[in-house]
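Structure first, then comments.
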Amino acid sequence: MSAPGGGDRGRTLITGMGLATPHGVDVEDFWAATRVGKNAIGPVTRFDASGYPARLAGEIRGFSAADHLPGRLVAQTDRVTQLALVAADRAFRDAGVAPGDLPANGMGVVTAAGSGGFEFGERELRKLWSLGANHVSAYQSFAWFPTANTGQIAIRSDSRGPNGVVVGDQAGGLDALGQARRLIRRGTGLVAAGGFEASLTPLGWTARLSTGLMSTSDDPDRAYLPFHPAARGYVPGEGGALLILEDERSALARGAATAHAELAGYSATLDPRPGSGREPGLRRAIELALADAGVAPAEVDVVFADAAGSPEPDAVEVAAVAGVFGPRAVPVTAPKTMIGRLQAGGAPVDVVTAVLAIREGLIPPTADAESATARELDLVVGRPRTASVGTALVLARGHGGFNSAVVLRAVD
């Protein structure tokens, strides 16, 4: 890790990573499955989905919060917050930071969320309807709230600096990283940032179905096929990732042992009003993120696609990527096809995957049953591809017209 090369703003480094995904809660276990294209999508088991038109999901199977967190905290929190806390513990440990190591007001937390604590809230509402108000947990007052992840992580890590929550569906996870970088550039030394979702409940499932964007296939290997002629929607999943971001000077001053990558560029745009005739905002987000990083399109070694899984948004992404880089000019991959779209948690997981791709020099595949894909994309399909990865672009889009892009760069 070298010292910054001048200027008022040093680099923003990723010094710690933690996650919770259908491939497990350990980064190396996750990478071992992802790098070879292992599919974790299967039938829903967290509730009876047999009566719904969609019945597949990327679940985190075998996870018990009690194995990782104190009992009193388990009782106070929803599954999504428990996943976030476990990932946060691992991210701080990876960064070599423990509560008290840094000034509390010099540490912040920014997470992305959309659905909040669905499982906790739904359970307590059932108690209200069937047993009465006296049986509702007092923790219902905050466990369901989308800010719970940020609050609980901040309390557990003794982070009393600037904290916040952003909402932007799948794009929100990258927006949390972008906001963290802003805070670091304003003087906060360390910010934990990422996103998590866990809304695999009847109410959460119904809310997702209302968009009409979920796949109704019962074949785990063909249910989520972005950029494919058979694409008919996405498969939802649960989980997310938390990253420790630090100003390079601060990281050097505390003796940080590892810098996984640099968060070199970020941008966010909104799509225009439907029917306006204006171009969607994704291409502009890519161009702005590359400009922010000072990176030319030819310098990007891989693109981690948003991969909506439906013909129209997939066509928009193909046009944006091909328009910036040229047809088949850069490898494109969508490892989320192995675990599902995690909403606010999905893009931070893609960022972790991109960092691991940089580390190993290997692009993980898109879990696609066939190789028939959009001709304009060089989609990595079926098996991993060895490559020298120094710069990666991660894309994310949220329902309602949100677009975000992040550029990651290897640290010399």
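State yes or no: is Arg160 touching a helix residue (DSSP H, G or I) at 6+ places or on another chain (Cβ under 7 Å), over 17 Å from Ala87 (Cα atoms), of a type outside the set (Phe, Trp, Tyr) and not assigned by the TED database to the domain that holds Ala308? Spelling it out, Arg160 is indeed touching a helix residue (DSSP H, G or I) at 6+ places or on another chain (Cβ under 7 Å), over 17 Å from Ala87 (Cα atoms), of a type outside the set (Phe, Trp, Tyr) and not assigned by the TED database to the domain that holds Ala308. Of the residues Gly121, Gly116, the single one that is in a loop (DSSP other than H, G, I, E, B), modelled with pLDDT under 95, open to solvent by less than 20 Å² (accessible area, probe 1.4 Å) and under 17 Å from Thr77 (Cβ atoms) is Gly116. Could you list, ordered by first residue, the pairs with Cβ atoms under 8 Å in which the first is in the stretch 301-319 and farther than 16 Å from Arg375 by Cβ and touching a residue at least 60 places away in the same chain (Cβ under 8 Å) and the second is crowded, with 20+ Cβ neighbours inside 10 Å and of a type in the set (Asp, Glu), at least 6 apart or interchain? Final answer for the pair search is Phe304/Asp350; Asp306/Glu317; Ala307/Asp314; Ala307/Glu317; Ala308/Asp314; Ala308/Glu317; Pro313/Asp306. Checking Ala347, Ala334, Ala308, Ala320 one by one, the residue that is open to solvent by 10 Å² or more (accessible area, probe 1.4 Å) and among the aliphatic types (A, V, I, L, M) is Ala308 and no other. When we screen Val303, Val324 for residues that are at pLDDT 95 or above, in a strand (DSSP E or B) and touching a helix residue (DSSP H, G or I) at 6+ places or on another chain (Cβ under 7 Å), the only hit is Val303. So for the stretch 179-193 (the condition being under 18 Å from the mean Cα position of the chain (by Cα), open to solvent by less than 10 Å² (accessible area, probe 1.4 Å) and over 11 Å from Glu246 (Cα atoms)), does at least one residue qualify? Within the stretch 179-193, none of the residues are under 18 Å from the mean Cα position of the chain (by Cα), open to solvent by less than 10 Å² (accessible area, probe 1.4 Å) and over 11 Å from Glu246 (Cα atoms).
Restricting the stretch 68-86 to residues that are farther than 13 Å from Glu238 by Cα and of a type in the set (Gly, Ala, Ser), which is surrounded by the most Cβ atoms within 10 Å (Cβ to Cβ)? That would be Ala75. Whether any residue in the stretch 231-245 is more than 22 Å from Ala171 (Cα to Cα) and not assigned by the TED database to the domain that holds Leu379 is what I want to check. No: the stretch 231-245 contains no residue that is more than 22 Å from Ala171 (Cα to Cα) and not assigned by the TED database to the domain that holds Leu379.
All of Gln170, Gln152, Gln140 fail the test of being among the polar types (S, T, N, Q), free of Cβ contacts under 8 Å to residues at least 40 places away in the same chain and touching a helix residue (DSSP H, G or I) at 6+ places or on another chain (Cβ under 8 Å), apart from Gln140.
How many of the residues in the stretch 51-67 are part of a loop (DSSP other than H, G, I, E, B) and either open to solvent by less than 70 Å² (accessible area, probe 1.4 Å) or touching a Ser or Thr at 6+ places or on another chain (Cβ under 9 Å) (or both)?
The total comes to 9.
Do we have any residue at all in the stretch 17-24 that's open to solvent by 20 Å² or more (accessible area, probe 1.4 Å) and over 11 Å from Ile339 (Cβ atoms)? No, the stretch 17-24 has no match at all.
The residues listed here are Leu209, Leu270, Leu203, Leu243; of these, the one that is in contact (Cβ under 8 Å) with a residue 60 or more places away in the chain, buried (at least 19 other Cβ atoms within 10 Å of the Cβ) and at negative phi is Leu243. Ser388 meets each of the listed conditions (1) among the polar types (S, T, N, Q); (2) part of a helix (DSSP H, G or I); (3) open to solvent by 10 Å² or more (accessible area, probe 1.4 Å) apart from (2).
Against the list (1) more than 28 Å from Val394 (Cα to Cα); (2) open to solvent by less than 10 Å² (accessible area, probe 1.4 Å), the condition Ala91 fails is (1). Of the residues making up the stretch 194-218, those that are of a type outside the set (A, V, I, L, M) and within 18 Å of the chain's Cα centre (by Cα) number 6.
The values are calculated or read from the model by the stated rules, or taken from the named source; none is laboratory data. What you are looking at is a predicted structure, and each value in this text was computed from that prediction instead of being measured. Using ideal geometry, Cβ is built from the backbone for each residue, glycine included, and neighbour counts are taken over all protein chains shown. Remember, those area values only see protein heavy atoms, side chains included, never the ligands or the DNA or RNA. Shrake-Rupley method; radii C 1.70, N 1.55, O 1.52, S 1.80 Å.
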